Every structure is written in structure tokens, then in C-alpha cells.
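**Student:** Structure provided below as C-alpha cells; questions to follow.
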């Protein structure tokens, strides 16, 4: 266990009532209450914020949440929206399966006539796990349900000095049990907000503010003087590298050829550039369509890292005389001008590349 405590070992008994009282008193005085999703609280707004906040910082999420709810103010509006519009509003947040699942779940909720109000009902919807379902039930319905997002995991591993990576089954089981034990039956909404706030503002990953923590007296890691050791980091894994060429095909009047990617997989449903494993494959693709090439050159290779591999991509810029229908082989492929591109759902690396192209060419 790398010198950390075993999650299966017994620990001094926590008094849940005392813990809750001190945490809620701190939240009443110091907790965040002005975040956009804390206004006009509804199951939809809680669900959307919890989904956006998965592996994404609050400061990044705020403008996305505001723009998203302005365009899709209700779950019914989201359900009725084209998936292209949903993905356009999500572009830049990454993990695009979240947006696709939001759209699918919204359509299901609209069919049901409203949000389920049970853990089982919520978890039956695409993309909603136990922690998100618990947050919706606690914050929007004020029902007592434990949660276990990243901030809460950090608080609880330190509180009980639980060693081991939280993604491991036994560690996760211990954390869920502790979360359930500490979650009160009253003021569930405020408690849920409070423990997330504690992790986000005081019990931070680096340089935690332990002296300001309202529950430091209960914290095993603080007593050990070893707070930074918890939670244990995920075991390192070497990511494989995939290389490709991205074909940026354009005309003299700056129209750019884009294809819509398949609905699932990396960048699913977004607009992107044709991708090739080798330079000669990209050249053959152009030649097979009898395209009249005026000029071509490659840009420096760049890297984009996904959760399970690195993508090293080399942009290949090819200018042709005029677009022809010979190019239109993809199911959804069109020529777009610069003004149209700004309104599309584009992967972040592709958006950056096209912005660079529009500036330089």
C-alpha cells in the first residue's frame, strides 16, 4: 500500500452527526452559493452541471453552462434540438460521449414526461452513474443519497486515511460506505453542496488549507501529517501513440472540406478533416478524385492526448482549383466557408488548426 493505510482496516469511529453539523455550519458561512447551476435549481440544471463538471474545472464549465442553458433552457428543449447543435455547444469541453448521452437521456426524459425521482430510474438513463444520480436526488429533490465525485473522494480518503487508488474496487467500496454513513437524512441538498465545496476550495489536491477546514479534527491524514499522500494516484500507464495525416483541402476562395465523423467513437458526431494513416494515402485520395492541385505543403506535427492514447497528427494543406462533387464520398461532407465553420461542432484541435489557417492563409 506504499505506506498508506489499508482500506479494509478498522478506524476510530467518526460521529456523523458532529461531522455534519460542523460541515454545514462552515458551508452556511463560507460555501459557494452563486455558481450558475445553484440558481433556479432543477433536476435538469443539476444533471447538466454534474455532467459538465466531470473531469473539468469549474472555471471552464461556467461559460459553457451559461451558453448551453441559454440555448437549451429545459430538458424538453435539449431533447428537441438537433445533435449537431448540442455538439456545437459542447465543442471544447472534450469527452464528447457526455454530450451524446445528454441528448439521448433528454429524449428519454421527455418521453417519460419528466425526470425519474429514484436512483434506479436515473441510473437507467444514458450516461448517469450512481454519483450523478445521487447529486440530482440530493440537490434537486432534497432526498438523502450519497455521492462520490472527485472532490468527495479526496475528502473521504483523507478523512479516513484510505490508501489505494480510488478506482480500485475495494477502495471504492470503502468510500461509498463512508459517504453513505456521513450523508444526513435532513438538509441533504446543502450537505451535498457542502462536501463538494470542501473538496473544491479547502481540501484541494495540492496545498490543502487544513487549518481552515471545519472537520480537520476528524481527519486521519491530517493527524498523520501526510495529507498530500491521499488519495493515492492512479498507477501509471504508458499510452500508445497513433500517427495520422489530416487533409485540409481548400479552395482559392477559402472554402474548406469537412466530413462529419461517425456518431460513436473519438470525436463522434463532430465535423473534422479527412484522416489518413500515411501521406501517400492522402495524395492517392486526391488523385482518385481528379482534383486539380494548385499547391500543397505540410505543417509541423502536433500531439493531442486522449484518455487512452496520444494522437500525433500532421496537417497536410492542399489547395485545389474548385470543389467538385467527386470529393463528396462521405455520408455527410460539405464545403464550408470561414463564417460557417465558427458555428460548427469541431474537436478542439481541429478548431485550433482552422483558426490558424484562417489567420495565416
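**Student:** Please go through the stretch 90-104 and pick out each residue that is part of a helix (DSSP H, G or I) and under 24 Å from residue 340 (Cβ atoms). Break it down into steps so the answer makes sense when it comes.
**Tutor:** First, pick out the residues of the stretch 90-104 that are part of a helix (DSSP H, G or I): 90, 97-104.
Correct list: 90, 99, 100, 103.
**Student:** Give 263, 323, 315, 252 a once-over and let me know the one that is outside the structural domain of residue 89 (by TED's automatic domain parsing) and modelled with pLDDT of 90 or more.
**Tutor:** 315
**Student:** Let me ask something else about it. Select from the stretch 241-263 the residues that are in contact (Cβ under 8 Å) with a residue 12 or more places away in the chain and part of a loop (DSSP other than H, G, I, E, B) and list them in ascending order. Working first, answer last.
**Tutor:** The first filter runs over the stretch 241-263 and keeps only residues in contact (Cβ under 8 Å) with a residue 12 or more places away in the chain, leaving 241-260, 263.
Within the stretch 241-263, 251, 252, 253, 254, 255, 263 meet the criteria.
**Student:** In the stretch 245-271, how many residues are within 22 Å of residue 92 (Cβ to Cβ) and surrounded by fewer than 15 Cβ atoms within 10 Å (Cβ to Cβ)?
**Tutor:** So the answer is 4.
**Student:** Touching a helix residue (DSSP H, G or I) at 6+ places or on another chain (Cβ under 9 Å), crowded, with 16+ Cβ neighbours inside 10 Å and part of a loop (DSSP other than H, G, I, E, B): which single residue out of 87, 125 fits that description? Can you show your working first?
**Tutor:** Values: 87 fails: part of a loop (DSSP other than H, G, I, E, B).
When all the criteria are applied, what remains is 125.
The values are calculated or read from the model by the stated rules, or taken from the named source; none is laboratory data. Note that the structure is predicted; figures quoted are calculated from it, not measured. Note: ideal-geometry Cβ built from the backbone for every residue, glycine included; neighbour counts use all protein chains shown.
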